[in-house]
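What follows is a short report on a single structure.
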Amino acid sequence: MITVDCGISGIEEIEICNSLGIDTIITDHHEQLDTLPNAYAIVNPKRRDCTYPFRELAGVGVVFKLIQALSIKLELPEKQYLKYLDIVCIGTISDIVALKNENRVIAKLGLRLVQQTKNIGLRELISSTGFKRNRCYNNFFWYST
């Protein structure tokens with residue numbers, strides 16, 4: 001099982017998974033507790049032993065970096081993982097992280113892709129919110145409740 005944006009504090013939950021024979025990979029961006037869960041792997045730039053240079057990735061950014069690493073390891077073309085930047089952008093902005101360094105790059109490139117997304121669900125969401133294509137949205141984002 002792969003968690004997304006959670007699990008760094010789920011010691012008991014991961015032990016239950018282990019007792020059921022379920023290997024767990026945790027992807028998270030929250031601060032770790034004193035003890036880490038006994039997961040198969042933990043991907044978190046805020047781990048105390050992590051040397052990744054940018055600690056402030058959104059949860060979706062951590063997952064994106066995992067997808068990027070796997071794609072590189074499997075020698076897949078860049079376009080195989082870059083096509084998700086529209087969704088990663090929306091997740092990054094929604095997670096209300098500081099839009100600096102990698103988060104800023106993800107938001108900027110992703111907003112360009114949002115305007116031409118091939119994702120059917122995202123296209124419908126854009127249509128229902130009144131977002132206009134071919135209009136500059138690089139300086140702000142829309143919210144609808």
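The values are calculated or read from the model by the stated rules, or taken from the named source; none is laboratory data. Here the structure is a predicted model, which means the values were calculated and not measured. Counting neighbours? That spans all protein chains shown, and the Cβs are built from the backbone with ideal geometry, glycine included.
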Quick one: Tyr81 ticks every box in (1) surrounded by 19 or more Cβ atoms within 10 Å (Cβ to Cβ); (2) over 21 Å from Lys118 (Cβ atoms) except a single one, so which number is it? (2)
Give all pairs with beta carbons closer than 6 Å in which a residue from region 56-72 that is free of Cβ contacts under 8 Å to residues at least 24 places away in the same chain meets a residue that is of a type outside the set (Lys, Arg) and assigned to a helix (DSSP H, G or I); count only pairs at least 6 apart in sequence or on separate chains. Ile67/Tyr81; Gln68/Tyr81; Ser71/Gln80; Ser71/Tyr81
Conditions (1) of a type outside the set (D, E, K, R); (2) touching a helix residue (DSSP H, G or I) at 6+ places or on another chain (Cβ under 7 Å); (3) within 21 Å of Asn103 (Cβ to Cβ); number of the one not met by Asn38: (3)
Of everything in region 101-145 that's within 14 Å of Ile87 (Cβ to Cβ) and either loosely packed, with under 13 Cβ neighbours inside 10 Å or of a type in the set (D, E, K, R) (or both), which residue is modelled with the lowest pLDDT? Gln116
Complete set of residues in region 9-42 that are out of contact with any Cys (no Cβ under 9 Å at 6 or more places or on another chain) and among the hydroxyl-bearing types (Ser, Thr, Tyr): Ser9, Ser19, Thr35, Tyr40
Members of region 84-100 found to be loosely packed, with under 15 Cβ neighbours inside 10 Å and assigned to a helix (DSSP H, G or I), listed by number: Ser94
Looking at region 1-20, I want the residues that are within 15 Å of Lys46 (Cα to Cα) and have a partner that is in a helix (DSSP H, G or I) and β-branched (Val, Ile, Thr) with Cβ atoms under 9 Å, at least 6 apart or on another chain. Which pairs are those? Val4/Val60; Val4/Val62; Val4/Val63; Asp5/Val60; Asp5/Val62; Asp5/Val63; Gly7/Ile14
Tell me, which residue of region 3-22 that is within 23 Å of Thr92 (Cβ to Cβ) and in contact with a Leu (Cβ under 8 Å, 6 or more places away or on another chain) is surrounded by the most Cβ atoms within 10 Å (Cβ to Cβ)? Ile8
